Amino acid sequence: MFHINDNFTKIPQSYLFSDIAKRVAAYTQAHPEQSIIRLGIGDVTRPLAPAVVEAMKKACDEMGREETFRGYGPEQGYDFLRQAIVQNDYHARGIDISADEIFVSDGAKSDTGNIGDIFSRDNVVAVCDPVYPVYVDTNAMAGRAGNLNVEGRWDRLVYMPCTAENGFAPAIPQKRADMIYLCFPNNPTGASITYEGLQQWVDYARENGSVILFDSAYEAFITEDIPHSIFEIEGAKQCAIEFRSFSKTAGFTGTRCGYTVVPKELTCGGVSLHALWNRRQTTKFNGVPYIVQRGAEAVYSPEGQKQIRETIAYYLHNAKVIREGLAEAGFTVYGGINAPYIWLKTPDGMTSWEFFDALMEKAGVVGTPGSGFGPSGEGYFRLTAFGSLENSIKAIERIQNAVRN
Ligand code: PLP
């Protein structure tokens, strides 16, 4: 009999979003008159920028003509997109990254999940708690997380609690970690990291021979003077890999495009991680569609930039409405300034799920229980700014009314 990868059987099903859907369905069945506003979604709702759509239509026409048709493209991405990325996201910020250090992909979920392929199973992995679950589950699949204990924690993972007490900034772990996942601006807490804060991580990684896997999927939402890229930090090219995505930046959640930066200076025992990732990608990945890459390139055109900035400003305005409205209603709120996520402390010591039920019943508003992102998320709750302005305003009015009554 063949054997399966047993690690998969150790991973509990993720019930978070199906549990939410079930509770909402049961509630709406019992209260058909109550309209529900969903502020739990992590998906964008605004359409693609017209400049992106135009570029994709043009590329589509090219694909339909013999003279301009393209088959397999370079696994690492077309040069036109790699150049647009380095010029706009790195050189424009004074960061020295070269186009061949960019690996274009179908998104940051795949890359943050697949990057483990180039690392030993024996590495000790550190993750923030609460966390974007992909980092945890993909390491569990690879056998790097050990076994799940009764409290729902993996016994080989190092958890770095991020709570109000530490300003949602993970402390350098007591136990040495080989691979450290950091995500700033953060999903789910909406927290960000300062230059000094990130420098400490880079220094730690270099002193301890660790690698930082830096997810900056929400970089486009930054409004303050904080790092957009880990490569703004001295020494990061020797210890970090960065993941970026067009998903939230430009509404590509369904279109699919992102990229990963693996600096050539990043080595382990004389072996280049750039060479390993290139080997992995050329073996297991055949590139992002030409049409999509032309769409992503158009994000960097002057019209594209103007259009995506407007959409990001729209979401950030929603975030402000939600954040300020909740604070006015007496809630303790975090995030929503450099991120599309608002993270709030549940009142009166309620659990995340108790608050979920109360919010749905009293205000008809649905969010995401913080405990779904990890044990330290208990007692917190996530709302997102990706809905419409109208719904964001209505949700806040309902919450304020519910608190008053
Ligand atoms: N990283 C973080 C922190 C995310 O929150 C998400 C999506 O929600 C992703 C990565 C996935 O991005 P993509 O759509 O590029 O796969």
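Details
- Candidates ALA25, ALA191, ALA313: whichever shows maximal mean-square fluctuation once the chain is modelled as a Gaussian network with Cα springs under 10 Å: ALA25
- Probe 1.4 Å, protein heavy atoms only - accessible area per residue of region 52-300 in square angstrom: 40
- Dipole in debye (nearest 20) - region 61-146, about Cα centre, beta carbon charges: Lys, Arg +1; Asp, Glu -1: 320
- The stretch between PHE69 and ALA92, if pulled fully straight at 0.36 nm per residue, gains 5.0 nm over its current Cα-Cα span.
- Dipole moment magnitude, nearest 20 debye, the chain about Cα centre, only Lys, Arg, Asp, Glu C-beta charged: 600
- Convex hull per residue volume in Å³, alpha carbons only, for the chain: 173
- Most fluctuating residue given options GLU328, GLU297, GLU361, as computed from a GNM of the chain linking Cα atoms under 10 Å: GLU328
- For region 52-96 versus region 307-369, the gap between their alpha-carbon centres in whole angstrom: 37
- FRET efficiency, HIS31 to VAL271 (Cβ-Cβ, R0 45 Å, nearest 0.05): 0.15
- Extending 7 Å from Cα along the Cβ direction at ASP225 and again at ASN208 yields two label points whose distance is 3.0 nm.
- Considering only the chain, percent of DSSP beta bridges that pair antiparallel, nearest 5: 55
- Measuring nothing but protein heavy atoms, the accessible surface of the chain at 1.4 Å probe radius is 51 percent carbon and sulfur.
- Two-site label geometry, ASN149 and ASN405: point separation in nm, points 7 Å out along Cα→Cβ: 4.6
- Selected from GLY167, VAL365, TYR135, residue furthest toward positive end of dipole (the chain; charges at beta carbon): VAL365
- When the chain is treated as a Gaussian network with alpha carbon springs shorter than 10 Å, the biggest mean-square fluctuation among GLY387, GLY197, GLY377 belongs to GLY197.
- Distance-filtered residues of region 232-255 - backbone nitrogen under 13 Å, label point 7 angstrom along ARG46 Cα→Cβ: 248-252
The values are calculated or read from the model by the stated rules, or taken from the named source; none is laboratory data. The structure presented is a predicted model; accordingly, all values stated were derived computationally and were not measured. Every residue, glycine as well, gets a Cβ built from its backbone with ideal geometry; the counts of neighbours run over all protein chains shown. Each accessible area value is taken on the protein alone, full model and side chains, heavy atoms only, with ligands, DNA and RNA left out. Shrake-Rupley method; radii C 1.70, N 1.55, O 1.52, S 1.80 Å.
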